[in-house]
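The values are calculated or read from the model by the stated rules, or taken from the named source; none is laboratory data. Because the structure is predicted, anything quoted here is derived from the model rather than measured. Heads up, the Cβs are rebuilt from the backbone with ideal geometry, glycines too, and the neighbour counts pull from every protein chain shown. Accessible surface areas use protein heavy atoms only, side chains included; no ligands, DNA or RNA. Shrake-Rupley method; radii C 1.70, N 1.55, O 1.52, S 1.80 Å.
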Amino acid sequence: MKCILVTLLIACTTAGFAQTAPAAPAAPVKDPVSTALRMLLPGRAKNTVGAIDAMPADKFGYKPTPDQMSFGHLVIHITETNNSLCAKVADVPAPKVDELKETDSKDKLLAAAKASFDFCTDALSKMDDSKLGDSVELFGGHQFPRAMGALGLASTWADHYAAAAMYLRLNGILPPSAQPKK
């Protein structure tokens with residue numbers, strides 16, 4: 001378990017997110033993986049939702065290249081991934097949500113992304129490490145230990161924010177984590 005926690009912390013630090021990570025608990029914790037996810041979530045939610053909010057509504061159709069997804073599609077992907085992985089790792093039902101479309105308004109997509117992070121906050125509050133060895137279906141229907149979903153969740157938060165930040169920068173907008181301290 002200590003190895004998994006160290007891996008999560010190293011991955012997040014090397015992804016440039018150390019400045020937003022809360023301080024680690026001083027004493028050993030009962031559920032280190034669950035605790036680490038709960039520690040990472042507020043900063044990842046703040047930056048990702050901030051990035052979505054920073055993108056002008058008329059740029060949600062923006063694609064860096066023709067083969068890449070639009071920014072609106074990225075927001076849908078973030079939302080669906082949060083809902084699915086948080087449900088899987090916490091062993092709770094995924095929320096019932098309306099299907100989103102790339103053509104939906106910025107307000108609707110932003111609200112859905114916020115709701116997905118709120119769902120993750122609620123789901124992860126119920127999580128402990130006792131089921132991390134259980135087999136669950138992840139990533140295209142393959143069976144993995146639930147711990148793989150937890151690692152995947154932490155890495156997708158970093159990946160999704162990095163992608164959103166790139167879309168912002170390509171449009172001349174400074175992403176939330178690069179904003180000067182106030």
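Annotations
- Options Leu41, Leu132, Leu74, ranked by Cα towards positive dipole end of the chain, top entry (Cβ charges): Leu41
- Placing pseudo-labels 7 Å out from each Cα toward the beta carbon at Ser130 and Gln179 gives an inter-label distance of 4.1 nm.
- Solvent-accessible surface ranking, highest first, for Asp107, Asp128, Asp67 at 1.4 angstrom: Asp67, Asp107, Asp128
- The charge dipole of the chain, taken about its Cα centre with unit charges on the Cβ atoms of Lys, Arg (+1), Asp and Glu (-1) only, comes to about 580 debye.
- Which label in (1) 19.1; (2) 18.0; (3) 16.9 gives the computed Kirkwood radius over Cα pairs in Å: (3)
- Helix 106-125 vs. the chain, principal-axis angle (Cα, 0 to 90°, nearest 10): 10 degrees
- Helical content alone sets the calculated 222 nm signal of the chain at -18500 deg cm²/dmol, taking -39,500 (n - 2.57) per DSSP H segment of four or more residues and averaging over every residue.
- Carbon-plus-sulfur accessible fraction, segment 35-75 (probe radius 1.4 Å, protein heavy atoms only): 57%.
- Accessible area in square angstrom per residue, the chain, 1.4 angstrom probe: 53 Å²
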